[in-house]
2 protein chains.
Amino acid sequence: MAAANIKEVARHAGVSLGTVSNVLNRPDTVAPATRQRVLEAITELGYVRNDSARQLRAGQSRTIAIVVLDVANPFFTDVVRGAEQVVEEAGAMLVVCNSGEDSARERRHLELLEEQRVRGVLVTPVRHGSQPDLDRLIDRGIPVVLVDRGSGRASSCSVAVDDVLGGRLAMEHLLDRGHRRIAYLGGPFAIAQVAERHAGAAAALDEHGDNAELRVATTTSLTVAAGRRAAEDLLALPARQRPTAVFCANDLIALGVLQEVTARGMRVPADLAIVGYDDIEFAGAAAVPLSSVRQPRELLGRTAAQLLLEEAEFGGTHQHRHVVFQPELVVRRSSDQQRRTRR
Amino acid sequence: MAAANIKEVARHAGVSLGTVSNVLNRPDTVAPATRQRVLEAITELGYVRNDSARQLRAGQSRTIAIVVLDVANPFFTDVVRGAEQVVEEAGAMLVVCNSGEDSARERRHLELLEEQRVRGVLVTPVRHGSQPDLDRLIDRGIPVVLVDRGSGRASSCSVAVDDVLGGRLAMEHLLDRGHRRIAYLGGPFAIAQVAERHAGAAAALDEHGDNAELRVATTTSLTVAAGRRAAEDLLALPARQRPTAVFCANDLIALGVLQEVTARGMRVPADLAIVGYDDIEFAGAAAVPLSSVRQPRELLGRTAAQLLLEEAEFGGTHQHRHVVFQPELVVRRSSDQQRRTRR
DNA sequence: GTCGCTGGATGAAACGTTTTAGGCGCTATA
DNA sequence: TATAGCGCCTAAAACGTTTCATCCAGCGAC
């Protein structure tokens, strides 16, 4: 009932407190008979180790945290699963924190994690640019790995997918299919991924998009609901100005657009082509199967966790690394139709 | 760099260690001038409270855990978000653990959480029936709330949606649309929800299903992939035995079935009607919009968290409660077609 | 018989907080 | 002038581990 402590176990087994600790942590250094007695006392009293005390003494915990932009986004849940595998193999525990694309919540989480002396943090930051919160952690000696986010930072590892390339692939595809009025939907632009995918798209337009235009519609978040709202705005445009294709910063937005647009009786891709990003599991199963830029999600999580564990273990000699994966465009029906170009 | 502790802060500010603690915890009891000096010392040294020590002293942590069957399932991510709201308002921290429908992992998580002396646990258990792991926690005085899981247990609160009713609604709907060969897809049956939704379906069949039959196909998990596999098996049946409708234990399975079945050229709902469960956000956006049994997901999470906090606060006088919400059938195209009954 | 070694156990220090019992100087009250 | 009360602060104990320096008994080697 009341949590028994190691001292009571010791008394009960007729040994010293240090011996019980040895049974727990270095069982081979204690004589079999004694060990047996101690183990019996443990089960009899229902003793459970007090992790706070252990950590206090150790100065460090065995948990690793991952701070994601949105737990409900299938992209991140897959990243989490990847990280989980690696972390659990290493005997540590992964705690998942949700920033909800909100800097303040992100900071709050990082502070709490710092108080808990976590062994390391995987994080997809809400804003790019200077990140005092992260620097604090790093100064403190807590390893940080940026997830889905490249970085020139010399102070941490990062694992990313080339978002500029991803944006470029999507855009080239749409141009290739004959689209000339194209919209980019995503936001907020403070999120690096949003900005970089746009940059890629813009670059592709510069290079191959003779007389094509890219309209940008900023959303407040990367969710299905935000996608629906963005689609409404799009549909409110006079037909002649309305884009014939949209490239969305992620699949949730794309699915939102798809829902809204088909609900209003437009055909996809004939009236509006759509390309998403992430290739989440639901993209291929959508009303109109969604073209999307695929990222190796679980691999991203696994790699990030590996880098983190490595840094946590060999803090001194550790060399920061920046891993970049290549995205891949998956063309499905939502954009797979040639458009006759009107001149 | 090296984590400064409260003692150094005290020395730096020229006060005693207890005073620093007071500044941190009861700022109003210390004179403004002193408080100021201490706060300056804190920022100057970059002091961050050590949570392990705090907890050790307090005997309890301020974190609450939620153990879900599958972090990647949108149903659970919504439950998590609901719980998160409430927990954060209360100034606590929510950690999300994933059992992955695996009892061993569930146990491992519960053990770790017990070691951490969490303030409480929200859990959707992998198996129903007796749960020694949970009983252990409760014996220890750690409040447990069962989520999405009713219970006759007098030893904990629970928050659930009436799964038997949900199964019944789905089944009555399919019978009403004229189906006579119906399959139930879901598994493993050790998961209470799976068993109860089936029970509801079976009951409805008993009552209204003159000469109709319910075939059960057990899946190994509640995922899209499992749904696809189940659909393959279904399609392997000779046409005359093949069900004309399936009721799936959750939407992920239903989406898997939908994908596989349409890929093989069958029409939904004409050749096969589908009803899912949970009404996740992606259900309505599917290739064929999916009929589904809707559950109040966020509300479930919020309510569970509220009950937990209440129990954690008023442990002594707390009366366990069992909240049950009503599900609601949402009919969409995947099942909305009358079938001419052949006699 | 002495010495050194070894396997096994012990006792105490240390980790960084929070809390409690007091102490000190001052003011208001009797 | 004593006393009580108050505001502010201090010193020390306690939380439950882990670890490290010791200690002890037994034993083989010389």
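The values are calculated or read from the model by the stated rules, or taken from the named source; none is laboratory data. Since the structure is predicted, the reported quantities are computational estimates derived from the model, not experimental observations. Here Cβ is always computed from backbone atoms with ideal geometry, including for glycine, and neighbour counts include all displayed protein chains.
Residues of the stretch B:323-333 include none that is surrounded by 24 or more Cβ atoms within 10 Å (Cβ to Cβ), within 11 Å of another protein chain (Cβ to nearest Cβ) and at negative phi.
Kindly indicate whether A:LEU113 is over 30 Å from B:GLN55 (Cβ atoms), of a type outside the set (Gly, Ala, Ser) and crowded, with 19+ Cβ neighbours inside 10 Å. No; evaluated as a whole, the condition is false for this residue. Annotation for the stretch A:127-140: no member residue is more than 25 Å from A:VAL246 (Cα to Cα) and touching a Phe, Trp or Tyr at 6+ places or on another chain (Cβ under 9 Å).
Scanning the stretch B:12-25 for residues that are surrounded by 20 or more Cβ atoms within 10 Å (Cβ to Cβ) and within 11 Å of DNA strand C (Cβ to nearest atom) gives B:THR19, B:VAL20, B:VAL23. If A:ALA304 passes every condition in (1) touching a residue at least 60 places away in the same chain (Cβ under 8 Å); (2) crowded, with 24+ Cβ neighbours inside 10 Å; (3) not charged (D, E, K, R); (4) not in a helix (DSSP H, G or I) but one, which one does it miss? Answer for A:ALA304: the failing condition is (4). Candidates in the stretch A:1-11 are the residues that are within 9 Å of DNA strand D (Cβ to nearest atom) and within 14 Å of another protein chain (Cβ to nearest Cβ); of these, the one that is surrounded by the fewest Cβ atoms within 10 Å (Cβ to Cβ) is A:ALA2. Would you point out which residue out of A:GLY100, A:GLY18, A:GLY14, A:GLY46 is within 15 Å of DNA strand D (Cβ to nearest atom) and at positive phi? A:GLY46 is the lone residue from the list that is within 15 Å of DNA strand D (Cβ to nearest atom) and at positive phi. Checked against (1) touching a helix residue (DSSP H, G or I) at 6+ places or on another chain (Cβ under 6 Å); (2) within 14 Å of DNA strand D (Cβ to nearest atom), A:LEU94 passes all but condition (2). Candidates B:ALA41, B:ALA33: the one that is in a helix (DSSP H, G or I), away from chain A (no Cβ under 11 Å) and touching an Asp or Glu at 6+ places or on another chain (Cβ under 9 Å) is B:ALA41.
Considering only the stretch A:26-38, I want to know if a residue exists there that is within 12 Å of DNA strand C (Cβ to nearest atom), under 30 Å from A:GLY187 (Cβ atoms) and touching a residue at least 24 places away in the same chain (Cβ under 8 Å). Within the stretch A:26-38, not a single residue is within 12 Å of DNA strand C (Cβ to nearest atom), under 30 Å from A:GLY187 (Cβ atoms) and touching a residue at least 24 places away in the same chain (Cβ under 8 Å). Against the condition surrounded by fewer than 20 Cβ atoms within 10 Å (Cβ to Cβ) and over 22 Å from A:VAL87 (Cβ atoms), how does A:GLY315 come out, does it pass? So A:GLY315 fails the test. Only strands (runs of 3 or more DSSP E) whose full extent lies in the stretch B:62-156 are considered here, and the ones with at least 2 residues that are at pLDDT 90 or above, out of contact with any Cys (no Cβ under 9 Å at 6 or more places or on another chain) and facing chain A (nearest Cβ under 9 Å) are B:93-98.
Only strands (runs of 3 or more DSSP E) whose full extent lies in the stretch A:229-301 are considered here, and the ones with at least 3 residues that are crowded, with 22+ Cβ neighbours inside 10 Å, in contact (Cβ under 8 Å) with a residue 24 or more places away in the chain and of a type outside the set (A, V, I, L, M, F, W, C) are A:273-278. Scanning the stretch B:204-228 for residues that are assigned to a helix (DSSP H, G or I) and surrounded by 13 or more Cβ atoms within 10 Å (Cβ to Cβ) yields B:ALA204, B:LEU205, B:HIS208, B:VAL224, B:ALA225, B:ALA226, B:GLY227, B:ARG228.
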